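K.L.:
Let me give you the structure first, and then I'll get to my questions.
The values are calculated or read from the model by the stated rules, or taken from the named source; none is laboratory data. Computed from a prediction, not measured in an experiment: that's the story for all the values here. Cβ coordinates were reconstructed from backbone atoms using ideal geometry, including for glycine residues, and neighbour counts include every protein chain displayed. In case anyone asks, the SASA skips ligands and DNA or RNA and just uses the protein heavy atoms, side chains included. Shrake-Rupley method; radii C 1.70, N 1.55, O 1.52, S 1.80 Å.
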Amino acid sequence: MKDPVTPEAQDVLLTIQNNKNPDQGIFLVIDESREHLETQGLQALFGLKEIRMATQDVVQSLHEYAQVLSFILETISTAEELGLPYSYQNEFQFGDAAYTLYEEGEHRFLRKAAA
């Protein structure tokens, strides 16, 4: 198991905080290969797989991906507060865009679907 990440860690690109529950936050970190960005905190907070994305995809649309991850964090938190089970959706809509979130080993891989 990886050591917990802190906001000061060198590989942390940004912190995403749950607007409805500020005590819940996750980090977006870059992996050693620099090919992927991945969340840190979903496993610890909710027992769910972390989400991985291609670095190139995210860098081109960082603000957009941050909003999508915030949306996912809030839906997970809401389900937990309501005592409902949560599972990732393989495909979902956010705003005007479609996204995929497929299982890839120990992660879920998030990607904007082709238009």
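K.L.:
Say whether the condition of being modelled with pLDDT under 90, on the phi > 0 side of the Ramachandran plot and in contact with a helix residue (DSSP H, G or I) (Cβ under 8 Å, 6 or more places away or on another chain) is met by at least one residue in region 48-63.
P.N.:
No, because not a single residue in region 48-63 is modelled with pLDDT under 90, on the phi > 0 side of the Ramachandran plot and in contact with a helix residue (DSSP H, G or I) (Cβ under 8 Å, 6 or more places away or on another chain).
K.L.:
If residue 5 satisfies every condition in (1) at pLDDT below 90; (2) open to solvent by less than 70 Å² (accessible area, probe 1.4 Å); (3) not in a loop (DSSP other than H, G, I, E, B) but one, which is the exception?
P.N.:
(3)
K.L.:
If you go through region 32-44, how many residues are open to solvent by 30 Å² or more (accessible area, probe 1.4 Å) and assigned to a loop (DSSP other than H, G, I, E, B)?
P.N.:
Total satisfying the criteria: 4.
K.L.:
Also, quick follow-up: Restricting region 67-93 to residues that are open to solvent by less than 40 Å² (accessible area, probe 1.4 Å) and touching a Phe, Trp or Tyr at 6+ places or on another chain (Cβ under 7 Å), which is nearest to residue 36 (Cα to Cα)?
P.N.:
Step one: filter region 67-93 for residues open to solvent by less than 40 Å² (accessible area, probe 1.4 Å), giving 68-70, 72-74, 76-77, 79, 88, 92.
If we keep only those that are touching a Phe, Trp or Tyr at 6+ places or on another chain (Cβ under 7 Å) too, we end up with 68, 76, 79, 92.
Values: 68: 17, 76: 23, 79: 28, 92: 21 Å.
Among those residues, the one meeting the criterion is 68.
K.L.:
Out of all the residues in region 45-66, which are surrounded by 14 or more Cβ atoms within 10 Å (Cβ to Cβ) and in a helix (DSSP H, G or I)?
P.N.:
45, 46, 55, 57, 58, 62, 64, 65, 66
K.L.:
Need the failing condition index for residue 21 against (1) assigned to a loop (DSSP other than H, G, I, E, B); (2) modelled with pLDDT under 95; (3) exposed (fewer than 11 other Cβ atoms within 10 Å of the Cβ); (4) of a type outside the set (Asp, Glu), just the number.
P.N.:
Only one criterion is unmet by residue 21, namely (3).
K.L.:
Right, next: What pairs come up if the first residue lies in region 16-33 and is touching a residue at least 24 places away in the same chain (Cβ under 8 Å) and within 19 Å of residue 48 (Cβ to Cβ), the second is charged (D, E, K, R) and assigned to a loop (DSSP other than H, G, I, E, B), and their beta carbons are under 8 Å apart, counting only those six or more places apart or on different chains?
P.N.:
These pairs meet every condition: 29/11.
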